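The values are calculated or read from the model by the stated rules, or taken from the named source; none is laboratory data. Every value quoted in this text rests on a predicted model; they were computed, and no experiment measured them. FYI the Cβ positions are ideal-geometry reconstructions off the backbone, even for glycines, and counts take in every protein chain you see.
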Amino acid sequence: MVQVAVNGKAQSIRRSVRKEGQVFTVGLGSDVKTGEPVTVSYTYRVLVQQHGHVLHLDLAQPTKDFRAELWYGDCGIRYMNVLDYLSAPRQPRYTQHPASDPSPSVEVAYEGWTFPKGGVAFVWVLEREMQTVTSRQK
């Protein structure tokens with residue numbers, strides 16, 4: 001967990017490690033009143049297996065105004081694909097800057113409510129894998 005904000009205000013993060021995994025705790029801040037809706041945004045880094053080629057983000061509860069953005073510059077990715085399985089009445093909005101862009105990224109956003117058990121998967125192909133395929137075809 002790199003950053004957490006509540007209603008746009010950065011909050012401190014407390015991390016504790018247990019045998020089963022990690023727990024991150026964040027307070028809502030003193031400005032939040034009981035029963036008042038809040039917006040929570042967070043950024044985290046994750047290491048994925050190099051041969052895994054997929055990153056899954058699952059929504060376990062109803063989520064309003066979902067947004068996921070993945071930057072993949074300087075890591076050897078040739079092409080990034082996004083698979084959404086968001087449970088919602090409309091299609092999400094996609095924004096993509098290709099690997100050839102100075103700051104390659106892909107974003108999936110959905111304005112409004114999504115249902116639980118939905119999510120997004122990012123799937124990619126590495127540059128060196130494309131070179132291997134090209135070499136085999138010769």
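Observations on the structure shown:
- Residues satisfying the stated conditions in the stretch 1-36, i.e. loosely packed, with under 11 Cβ neighbours inside 10 Å, assigned to a loop (DSSP other than H, G, I, E, B) and in contact with a Lys or Arg (Cβ under 9 Å, 6 or more places away or on another chain): V2, D31
- Filtering the stretch 40-65 to residues that are of a type in the set (V, I, T) and in a strand (DSSP E or B) leaves V40, T43, V54, T63.
Residue-by-condition table, conditions (1) acidic (D, E); (2) exposed (fewer than 15 other Cβ atoms within 10 Å of the Cβ); (3) closer than 19 Å to Y42 by Cα; (4) out of contact with any Pro (no Cβ under 6 Å at 6 or more places or on another chain):
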site: D58; (1), (2), (3), (4): yes, yes, yes, yes
site: D65; (1), (2), (3), (4): yes, yes, yes, yes
site: E69; (1), (2), (3), (4): yes, yes, yes, yes
site: G73; (1), (2), (3), (4): no, yes, no, no
site: N81; (1), (2), (3), (4): no, yes, no, yes
site: D84; (1), (2), (3), (4): yes, no, no, no
site: Y94; (1), (2), (3), (4): no, yes, no, yes
site: S103; (1), (2), (3), (4): no, yes, no, yes
site: E107; (1), (2), (3), (4): yes, no, yes, yes
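- The listed residue being outside any strand (DSSP E or B) and in contact with an Asp or Glu (Cβ under 9 Å, 6 or more places away or on another chain), out of A99, A68, A109: A99
- Filtering the stretch 61-102 to residues that are modelled with pLDDT of 90 or more and among the small types (G, A, S) leaves only A68.
- Matching residues, the stretch 71-96, being part of a strand (DSSP E or B) and of a type in the set (S, T, Y): Y79, S87, Y94, T95
- Set side by side, the residues Q11, Q61, Q3 differ, and just one is touching a residue at least 40 places away in the same chain (Cβ under 8 Å), over 13 Å from the mean Cα position of the chain (by Cα) and not assigned by TED's automatic domain parsing to the domain that holds G119, which is Q3.
- Residue match in the stretch 120-137 (condition: under 26 Å from N7 (Cα atoms), modelled with pLDDT of 85 or more and surrounded by fewer than 14 Cβ atoms within 10 Å (Cβ to Cβ)): no
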